[in-house]
Structures are given as C-alpha cells and as structure tokens.
1. Kindly provide the set of residues from region 88-113 that are touching a strand residue (DSSP E or B) at 6+ places or on another chain (Cβ under 6 Å), of a type in the set (A, V, I, L, M, F, W, C) and either without any contact (Cβ under 8 Å) to a residue 60 or more places away in the chain or not assigned by TED's automatic domain parsing to the domain that holds ALA77 (or both), ordered by number.
2. From SER208, SER183, which residue is hydroxyl-bearing (Ser, Thr, Tyr) and crowded, with 16+ Cβ neighbours inside 10 Å?
3. Please determine whether any residue of region 167-174 is modelled with pLDDT of 95 or more and surrounded by 21 or more Cβ atoms within 10 Å (Cβ to Cβ).
4. I'm trying to understand the selection: among the residues of region 54-72, which are touching a Pro at 6+ places or on another chain (Cβ under 7 Å), surrounded by 23 or more Cβ atoms within 10 Å (Cβ to Cβ) and assigned to a loop (DSSP other than H, G, I, E, B)?
5. What tally of residues in region 170-215 results from selecting those that are over 25 Å from GLY47 (Cα atoms) and assigned to a loop (DSSP other than H, G, I, E, B)?
6. Give me the residue from region 32-44 that is surrounded by 21 or more Cβ atoms within 10 Å (Cβ to Cβ) and out of contact with any Leu (no Cβ under 8 Å at 6 or more places or on another chain) and, out of that set, farthest from LEU63 (Cα to Cα).
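The values are calculated or read from the model by the stated rules, or taken from the named source; none is laboratory data. Computed from a predicted model, the values in this text were never measured in an experiment. Cβ: placed from backbone, ideal geometry, glycine included. Neighbour counts: every protein chain shown.
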Amino acid sequence: MNGPRFDADYLRKVDNHLRGTLGLRELTPDAEGGAAMVATVGSLRRGLPVAGDLDYIAPRPALDAQGRPMEADALYAVLSEHFYPAEEPARDTRLGTAVKGLKPGFGMCNLLLELKSPKPALLPIQIHRFWPGPQGNRGWIELIRTGPAEFGKAAMFRLQNRGLKSREGFPHDRRGVRIAVPSEAVAFDLLGLPYLEPAHRHEDRVYSANREDRR
C-alpha cells in the first residue's frame, strides 16, 4: 500500500479513541443492520507490527427496492457527522474527509482521518458492510477483508475449484443460489479448510489444499 505506515500499537490507540469519540460498539454475533457497530479486520486483526490503514466491517441495514435503508442507519448517521466532503464548511465535529461511498445504507466507504500527533498525517479508513443474521454473509466478508489480499484471492480460487462462485458478497452454489455464511467457521467449512487464526492465514495454506484435492 502506498502512503505512510503506522506502528500497530499507535493504530490501536487511534482505533480506541475513534470508537470512543463516535460511540461505536464492538460487533456482536447478533448485530443488527441499524446498529453503530464495527469489527476490526485487515492488518491489525492479523497482528502485523505496522499497517497503513484501519479496516472495519459492519452490519448493513435492510434496503428497499430503490436501495434506500428501511431502518435508521446509525453508523451512517455518526460517520457523516464527523466525515464529509472536503469542500463542505468545517464543523467543530470534523475528524476527516469522506472520500467515497458514504451515504445512507452504504455498502463500502473510504474515509481519511486527520491525525494531529505525533505529526500531521492522513490515515485511510475503509468500512465494508455485510448482511447480518443467519442468512447473511458476515463470515465471508470477514474472511476476505481480514486478508491478506493474496489469501483472499486464493480463497476465491478455491471456491471456484469447488464448483462455487462469489457474487455480490455472497458465495453461490452451482445453481446460482446464495449460500448463507454467517460466520468465519462456516466460510472455512465451505472452502473445505480447517479454521485458521488470522495471523496464520497465508495463500500457500489454500493452494496446498488444492494440490491435495487433485491427488
């Protein structure tokens, strides 16, 4: 990733401060789409010593036929109070810039957090949302967004090798029917792999399983 890299301990402090300022709760298994909850994924979840951004997943509210949220979108409400386009007049609550995708019911958004110390810097924040509940896809989104990117690509390749495919954030079976993946445990079962802790997720673990399948 281009741009500055930050010590992971520092980013965890930024993460805690951001959660406290925005009133974001830690994601729970029974999270609902209207709740202002997030879970950390990406480099921090994998325990890397440095990272270039903060990466989160969060539940998405149900949408109507026009793509509008059918319930209050608490996450959007709090984010839009503190992050908005650079051309808008600054407010006392400003924490940074909404770069892309921030709207009611958003599926993914990119933000830039303005850091003041130890020196001024812009920290990219990316939030991907999943459909919650037992018929949702939290597990698949969590697996892919935890990364690393090479592991996610290998997981997609293995999914195809097993006659399945990913579309619109959901794995689909051979008939094109969505497969519910409410947890990472279900995602790993779908791939025919044992659960791997985030720190041990490497693409060679997936490709070696593919080689074993061909024997």
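1. Correct list: ALA98, VAL99, LEU102, MET108, CYS109, LEU111, LEU112.
2. Only one candidate passes the filter, namely SER183.
3. yes
4. PRO61
5. Summing the residues that are over 25 Å from GLY47 (Cα atoms) and assigned to a loop (DSSP other than H, G, I, E, B) in region 170-215 gives 8.
6. Going through the qualifying residues, I end up with SER43.
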